[in-house]
Amino acid sequence: MNRIILHCDLDCFFASVEARDNPDYKGKPIIIGADPKEGRGRGVVSTCSYEARKFGLHSAMPISQAYRRCPHGIYLRPDGKKYSKVSIDVMNILKEYADKFQQVGIDEAYLDVSEICNSYEKARVLANNIRDEVLKVIGITLSIGCAPTQSIAKIASDYNKPNGTTVVPPDYILRFLEPMDITRIPGIGKKSKVYYNKKGLKTIGDIIATPLEKMIEFFGKNGKWVWEVVHGLDKREVSEFSGDRKSISKERTFYEDTNDFNVIFSKLEEINDKIHNNLEKNNIFYKSITLKIRFEGFETYTRSKSLLFHIREKSKALKIVLELFNEFSDSKRKIRLVGIRFSNLKRNRKEIQTSLLKFAYQTS
Ligand code: TTP
Ligand code: MG
């Protein structure tokens, strides 16, 4: 199957939020991190705007060094609470566009859009729409990479930053990667670079030209993984259940606000089906169901129901969702968005044991 995966990564995230909230800062070098204390400060740069990067500044650089290189920059302490809130708002938008959604950090996420888009050209349009909407609603930019695997999508999102879309269809993978420095591969940093260079591997093209057995001989398991990545063989699926997820949800915005019950019903049914496919694949049960409704004009409501036991029953869930929907039946207003969330999740114990067992075998 030809997969289409997007990797979305916000541009200089913390700095973008500050530039958004302080129009005076726009276009200036903004540095988020420790207090530079006129060059005597301790601590490091968390991130900096692209204007600051022109002076050689980057994340994790000592703040004193940053100050020496760019004394006229705007130095700000991070406002974690604000960034977390912006992150949640952005992720809620991204989720709406994906068949499967996986957030992997405060400012990045993978979206599997194989079903929504049946071609890479459609995926490019979708990626551009996502960038437009995030800019319009949240006020910051992001970059998006589109490729058949997560690792290549990640390399692609980084390729044309800030505010870029980079599409890498299967037949373009080798040409796209060949000239790049090996540090473009996620996981190969300054330290590994030295080992790779010692074996004569400088570009990704050098790795592509190296047989798998040699890569294993040189770098063991890691070498095998890197070889697979550059050949587009990273099989990881976009997983809604990475980490310890507390809930799974899906939302959809209607193309046009509507109060046609048939349209609303089939959307809820579609969302419910999609989530259940995922729950089944991952052997997950739920105990709470929440319906979310946004009316025209952005007014948003949620209604929840808690069950006595954990269940995973598609038809029962849909019935409950419709009961919750009934509470809004008096309203004449048109609906803009509907969503369903399942929470209070539990993975089947048996399943956990088997996967633990598998793990034990793999590592022994
Ligand atoms: P990144 O996505 O790595 O960086 P970025 O969004 O600032 O810049 P880019 O345009 O290259 O994507 O990290 C996301 C946020 O995480 C970043 O805004 C600040 C924070 N962060 C730190 O606090 N310390 C760090 O060392 C890094 C790398 C990030
Ligand atoms: Mg980022």
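The values are calculated or read from the model by the stated rules, or taken from the named source; none is laboratory data. All figures in this text were calculated on a predicted structure; none of them were measured in a lab. No Cβ is skipped: glycine too gets one built from the backbone with ideal geometry, and neighbour counts run over all protein chains shown. Just so you know, the surface numbers come from the protein's heavy atoms only, side chains and all, with ligands and any DNA or RNA stripped out. Shrake-Rupley method; radii C 1.70, N 1.55, O 1.52, S 1.80 Å.
Structure notes:
- Solvent-accessible ranking of His276, His58, largest area first, probe 1.4 Å: His58, His276
- Ranking by accessible area, most exposed first, for Arg131, Arg68 with a 1.4 Å probe: Arg68, Arg131
- Charge dipole of the chain about the Cα centre (unit charges at C-beta), most positive-ward option of Gly220, Ser343, Ser49: Gly220
- The mean sequence distance of close C-alpha pairs (under 8 Å, at least 6 residues apart), as a share of the length of the range 178-230, puts its relative contact order at 33 percent.
- When the Cα positions of Phe265, Asn283, Ile293 are compared along the charge dipole of the range 247-352, Asn283 comes out farthest toward the positive end, with charges on each C-beta of Lys, Arg, Asp and Glu.
- Oblate is the label for the chain, because a/c, from the alpha-carbon gyration tensor with a ≥ b ≥ c as root eigenvalues, is 1.5 or above and a/b does not exceed b/c.
- For the range 1-137, a crude dipole built from +1 on the beta carbon of Lys and Arg and -1 on the beta carbon of Asp and Glu, taken about the Cα centre, is about 620 debye to the nearest 20.
- Carbon plus sulfur fraction of accessible area for the range 74-163, probe 1.4 Å, in percent: 50 percent
- Contact order, relative form, for the range 1-129: 28 percent (alpha carbon pairs under 8 Å, 6 or more residues apart, mean separation divided by residue count).
- Centre-to-centre, using Cα atoms only, the range 120-181 and the range 273-294 are separated by 29 Å.
- Overall form of the range 178-230 per C-alpha gyration tensor (a/c, 1.5; a/b vs b/c): rounded
- With contacts taken as Cα pairs under 8 Å at a separation of at least 6 residues, the range 83-134 carries a relative contact order of 29 percent.
- Helical segments meeting 20 Å axial Cα length and Kyte-Doolittle -0.5 threshold in the chain (DSSP H): 80-96, 120-137
- The stretch between Phe218 and His310, if pulled fully straight at 0.36 nm per residue, gains 28.2 nm over its current Cα-Cα span.
- Dipole-positive endmost among Ile32, Gly80, Met61 within the range 17-80 (Cβ charges, Cα centre): Met61
- Relative to the Cα centre, the charge distribution of the chain, modelled as +1 at Lys and Arg Cβ and -1 at Asp and Glu Cβ, gives a dipole magnitude of about 1240 debye.
- Beta bridges assigned by DSSP with both partners in the range 19-146 are antiparallel in approximately 75 percent of cases.
- Sum of side-chain charges, Gly164 neighbourhood, beta-carbon under 12 Å (Lys, Arg +1; Asp, Glu -1): 0
- Among residues other than Gly105 with Cβ under 12 Å from its Cβ, the summed charge is -2 (Lys and Arg +1, Asp and Glu -1).
- Seen from Thr290, the other residues with C-beta closer than 13 Å to its C-beta sum to a net charge of +4, counting Lys and Arg as +1 and Asp and Glu as -1.
- Remark: the range 176-186, residue by residue, has Karplus-estimated 3J(HN,Hα) of 5, 7, 2, x, 6, 5, 4, 5, 6, 6, x Hz, where x stands for each Gly or Pro and the curve is 6.51 cos²θ - 1.76 cosθ + 1.60 at θ = phi - 60°.
- Cross-link partners for Lys82 among the lysines, with Cα-Cα distance under 29 Å and sequence neighbours closer than 8 places in the same chain left out: Lys26, Lys28, Lys37, Lys54, Lys95, Lys100, Lys136, Lys154, Lys161, Lys246, Lys250, Lys292.
- Dipole magnitude of the range 17-80 about its Cα centre (Cβ charges: Lys, Arg +1; Asp, Glu -1), debye to nearest 20: 280 debye
- Accessible area, probe 1.4 Å, largest first, for residues Ser288, Ser315: Ser315, Ser288
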